[in-house]
Amino acid sequence: MALSSKKFLAMTILVLAFLCIAFVPSLVMEFLGDVPSLQRLPSSSIRKIAQHVIVKRYNSGEYILKERELAGGTYFIYEGVVEVSGQFHTHNNDSQVFEWRKFDYFTQSESIRQEDVIALTKLTCLMLPYKYSFLMDPKSIWSEDMNLETIAPVEHILSLEPLDVNTFRGITLKGAPKSNKALAAASKTVHFLKILHSFHAHFLLPGDINIPVIYQVDRLGDVCNVATRRVNAVQKERIVFFLIASFHREEEEEEGFDHQEPTMPSVPGPEEVLPKQGLEEGVKLPGHGPRGVVSTPTYVPWPTEIRPLDLKTYTRHTKRHPSVSYWLRAKGRLPDDKTLHRCVGAYFSDLLFIQISLNPHRREGMLPSSISLDHSMWFHRDFRADEWLLYVIDSPTAYNARGFSRGQMFNRRGELVLSAMQVGVVREIKTPSKL
């Protein structure tokens, strides 16, 4: 029996409503954030890709792309299964067949294809036209364009080269304190709406700053609004460092509790404190270089401004209280990426940390040594690392050659934005006795 015109119209409206709801921009962006191959991109690139993709639907058995067909675009599988088959010109001319499913993607470039792509089931794809393909190849994992003349030094320091969806390579740039980019690697394997909230790191072996580090990421878990990652930092086929990082999607403000017990110390603002060209142990600030010095592929200017509140002059041999407070911020302007700012905060936290546990034990002629064993951090609130932050560090105890330091970082409104703790081996370097 034929449907009445009213029923047909009602069904048509329902179908059109479903299609509109299913692919509103927010849901498209939600899907794209879960595509592993896109997670290495800057969040701004994913947002732009979401604006330009086109919904494509196919029936089972229908060709999406044909061999030797000219077209253009990158197809992200939203729902369904595709078969990819083609001739691989080997010595025995074998053909191979692959199946791809949700979150896989395939690209049709402007060159001639060598394989067919066929829908095995009903299929929905999001197709990014070829003219927007540049969005898939940004200059940096943090921003779409990396201009070495204007980039903030710390963004350059925390940049990585993606080798595949779970593996990254990083180098230590000259001119900057050594840094570990494992946190950045972990961040580039999660949905960009899931923000870093904690990590626990362990230092296993000394690294070599003269050779690249390979960061291997294990995707331990993705549950609703939470993701967990483990990262191994590898040099010379040995794990020299690993961390576990957790990410949490921001909740609605009315759904969470809010309180803060620690209060920011009453101290002069950073404008009232003169910069100091050195913090003795741990942080060695170089003298100002010539004007116009910029980043290069292998060099970066000193990345932070530091203004200590205690202006007394100390040396590595001066005994003092195991605490320090200073203002700091990144030089230059950073992209609006919340995870980048948290990675920079973690980088800041380690510039001068475990060394504070040595302060009560310093004396003339002593050569101190400190080596990190583990480092943990918790991020409480959003902050910008290119705006002034007050870092308050103290060391409650040292015993059995282990020092313990803890730190709290506040923004200028007095809000506690992060907490950190570190344990390390601290001891005196013994010089060989003379005969």
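For SER140, are the conditions met, namely being farther than 30 Å from MET421 by Cβ and small (Gly, Ala, Ser)?
yes
If the requirement is being farther than 24 Å from PRO36 by Cα and at pLDDT 90 or above, which of these qualifies: PRO129, PRO153, PRO162? Even if it seems obvious, please write down each step before you answer.
Numbers: PRO129 fails: farther than 24 Å from PRO36 by Cα; PRO162 fails: farther than 24 Å from PRO36 by Cα.
The match here is PRO153.
Taking the conditions exactly as written (over 17 Å from ASN232 (Cβ atoms), assigned to a loop (DSSP other than H, G, I, E, B) and among the small types (Gly, Ala, Ser)), does SER140 satisfy them or not?
Yes.
On the basis of being crowded, with 17+ Cβ neighbours inside 10 Å, over 26 Å from ARG381 (Cα atoms), out of contact with any Ser or Thr (no Cβ under 9 Å at 6 or more places or on another chain) and assigned by TED's automatic domain parsing to the domain that holds THR298, does ALA233 make the cut?
Against the criterion (crowded, with 17+ Cβ neighbours inside 10 Å, over 26 Å from ARG381 (Cα atoms), out of contact with any Ser or Thr (no Cβ under 9 Å at 6 or more places or on another chain) and assigned by TED's automatic domain parsing to the domain that holds THR298), ALA233 qualifies.
Can you tell me which residue in segment 127-160 is farthest from TYR299 (Cα to Cα), limited to those that are exposed (fewer than 14 other Cβ atoms within 10 Å of the Cβ) and without any contact (Cβ under 8 Å) to a residue 24 or more places away in the chain?
Going through the qualifying residues, I end up with PHE134.
May I ask you to list the residues in segment 209-230 that are under 22 Å from SER159 (Cβ atoms) and exposed (fewer than 12 other Cβ atoms within 10 Å of the Cβ)?
Once the filter is applied, which keeps residues that are under 22 Å from SER159 (Cβ atoms) and exposed (fewer than 12 other Cβ atoms within 10 Å of the Cβ), segment 209-230 yields ASN210, ILE211.
The values are calculated or read from the model by the stated rules, or taken from the named source; none is laboratory data. Model, not experiment: these values are computed from the prediction. Cβ coordinates were reconstructed from backbone atoms using ideal geometry, including for glycine residues, and neighbour counts include every protein chain displayed.
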